[in-house]
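A.B. asks: I'd like to ask some things about the structure below.
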Amino acid sequence: MLYDLRRAALPIRWLVTCLLATLGLSYLFGALMVSLYAGFTPKRVAATYAGPEMSMRMPPETTMVVEHPITGTDFAQPEVHTVDTNLLIQDTHVHVPMYGLIAAALSLVVVGLSLRQGWALGLITLLFAAPWLDFGGMWLTKIASERFAIVTLIGGWAMAAAYLVVTVLAVQQMWFSRERS
Amino acid sequence: MNLLLRAAMIAAVLHITPAVVLVKRPDAVQALLPGADAYFAREVHLSDADAHKLHVAVDWSPEDGVLTFYRGKAGSAVVGALEFVRVDTPHGPIEVAVGFAPEGTVRGVIVTKATVEMKPWVLEAVAAGLTNRYRGLKTGDSPGGAAAIAGHVGDLAEYIAGEVDKGVARALAAYGAFYNHVRA
């Protein structure tokens, strides 16, 4: 095979290593951001994406008012970060292309690894399927059922798992393989 | 490859950064309803027709079709009312708290939330006196905060001031049409 990371020139291997390290750093902070704003449980993900739109509010025939007393501490209650439909459209528009580019970059690394064709195809599929699951889960949670929050979590974990597998294999083959030279 | 790099740069530039709290809601309530010792949430559930009117007037529909005003009282005296209005921008949402005095004029405006990216723009605009420009406005007035600070701040602070103007305009329209005119 013409493109083999085990036998690639040092600058190529260094480039791939730097790319993987940089993506790893961004994934680490991505996970931190998820923990801050959406969480890692189906309940918290559902609260973020399903929102009040799931209740299918019926507007009253005439405008009506309900007034009730509240206490000062009611203002201090932690708010759930929510993503409404407009924001999810925007998020999908800007995140999915970036996810696609990251999946493409990692797939180029996979192509240079010494793997059986089936494993390589499986890894590439996983790299691209993960963002589909991630955003598919968000949209299904919003428009269909809160139960689909688990799909988003699966997508997120799949993204992390695919990255880790590619990184471990690449580092091992580029820097520690006996067949390197 | 050039196309890929451009796409990556565009995606990075457009990426929405997380929201940050600039002023906690309880602090905003204390500042905009000074001296209040009792609070009431007045939820106005808009009919389709009224929601449409509001949307036409200020290009805005409140979340879930419900406007929420917070009324403050000190003993038996009404201190005023308060609204939290969200404005969605291409850089993410901001939240503006607009307080009204009992006679219906704007007592004060506080930007309570922005995104990490917009925070310095908001701080620059506020430091230039943006929120002072809204005091005394009443229903029917057009907020002109962005125009007032133009030339004294950078382009991005002026831009975000325009978004704060939108929030204040929405609060004024909602307060004028629905706070006192619909009875509980």
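A.B. asks: Quick one: is B:A146 without any contact (Cβ under 8 Å) to a residue 60 or more places away in the chain, within 29 Å of A:D84 (Cβ to Cβ), under 14 Å from the mean Cα position of the chain (by Cα) and not in a loop (DSSP other than H, G, I, E, B)? Quick ask: steps written out before the conclusion?
C.D. replies: Details: without any contact (Cβ under 8 Å) to a residue 60 or more places away in the chain: yes; within 29 Å of A:D84 (Cβ to Cβ): yes; under 14 Å from the mean Cα position of the chain (by Cα): yes; not in a loop (DSSP other than H, G, I, E, B): yes.
So B:A146 fits the description; yes.
A.B. asks: Kindly provide the set of residues from the range A:107-136 that are among the aliphatic types (A, V, I, L, M) and either within 14 Å of another protein chain (Cβ to nearest Cβ) or without any contact (Cβ under 8 Å) to a residue 12 or more places away in the chain (or both), ordered by number.
C.D. replies: Across the range A:107-136, the qualifying residues are A:L108, A:A120, A:L121.
A.B. asks: Out of (1) in contact with a Ser or Thr (Cβ under 7 Å, 6 or more places away or on another chain); (2) within 13 Å of B:F178 (Cα to Cα), the odd one out for B:H91 is which?
C.D. replies: With (1) in contact with a Ser or Thr (Cβ under 7 Å, 6 or more places away or on another chain); (2) within 13 Å of B:F178 (Cα to Cα) applied to B:H91, the lone miss is (2).
A.B. asks: Let me ask another. Working only within the range A:70-106, note down all residues that are free of Cβ contacts under 8 Å to residues at least 12 places away in the same chain and closer than 11 Å to A:L127 by Cα.
C.D. replies: Result: A:L101, A:A104.
A.B. asks: If you check B:A128, B:A147, B:A81, which single one turns out to be aliphatic (A, V, I, L, M), surrounded by fewer than 17 Cβ atoms within 10 Å (Cβ to Cβ) and at pLDDT 95 or above?
C.D. replies: Working: B:A128 fails: surrounded by fewer than 17 Cβ atoms within 10 Å (Cβ to Cβ); B:A81 fails: surrounded by fewer than 17 Cβ atoms within 10 Å (Cβ to Cβ).
After applying the criteria, what remains is B:A147.
A.B. asks: From the set of residues in the range B:101-119 that are part of a strand (DSSP E or B) and not β-branched (V, I, T), which is surrounded by the most Cβ atoms within 10 Å (Cβ to Cβ)? First the steps, then the outcome.
C.D. replies: To start, the set of residues in the range B:101-119 that are part of a strand (DSSP E or B) comprises B:106-115.
In the following step, the residues that additionally are not β-branched (V, I, T) were identified as B:107-108, B:113-114.
On the way: B:R107: 21, B:G108: 20, B:K113: 23, B:A114: 28.
Within the range B:101-119, the match that is surrounded by the most Cβ atoms within 10 Å (Cβ to Cβ) is B:A114.
A.B. asks: Would you mind finding the one in A:I124, A:I70, A:I102, A:I89 that is touching a strand residue (DSSP E or B) at 6+ places or on another chain (Cβ under 7 Å) and either closer than 30 Å to B:Y179 by Cβ or of a type outside the set (F, W, Y) (or both)?
C.D. replies: Values: A:I124 fails: touching a strand residue (DSSP E or B) at 6+ places or on another chain (Cβ under 7 Å); A:I102 fails: touching a strand residue (DSSP E or B) at 6+ places or on another chain (Cβ under 7 Å); A:I89 fails: touching a strand residue (DSSP E or B) at 6+ places or on another chain (Cβ under 7 Å).
Result of the check over A:I124, A:I70, A:I102, A:I89: A:I70.
A.B. asks: Right, something else. Anything in the range B:60-87 that is more than 10 Å from chain A (Cβ to nearest Cβ) and in contact with a helix residue (DSSP H, G or I) (Cβ under 8 Å, 6 or more places away or on another chain)? List them, or say none.
C.D. replies: B:W60, B:S61, B:P62, B:G80, B:A81, B:E83, B:V85, B:V87
A.B. asks: Being surrounded by 14 or more Cβ atoms within 10 Å (Cβ to Cβ) and within 21 Å of B:D88 (Cα to Cα): is that true of A:T63 here?
C.D. replies: Working: surrounded by 14 or more Cβ atoms within 10 Å (Cβ to Cβ): yes; within 21 Å of B:D88 (Cα to Cα): no.
No, not satisfied.
A.B. asks: Ok, one more. I need every pair where a residue in the range A:149-177 that is closer than 14 Å to A:A31 by Cβ has its Cβ under 7 Å from the Cβ of a residue that is not in a helix (DSSP H, G or I), sequence separation at least 6 or different chains.
C.D. replies: From the range A:149-177, the pairs are A:L153/A:F40.
The values are calculated or read from the model by the stated rules, or taken from the named source; none is laboratory data. No experiment lies behind these values; they were computed from the predicted model shown. Note: ideal-geometry Cβ built from the backbone for every residue, glycine included; neighbour counts use all protein chains shown.
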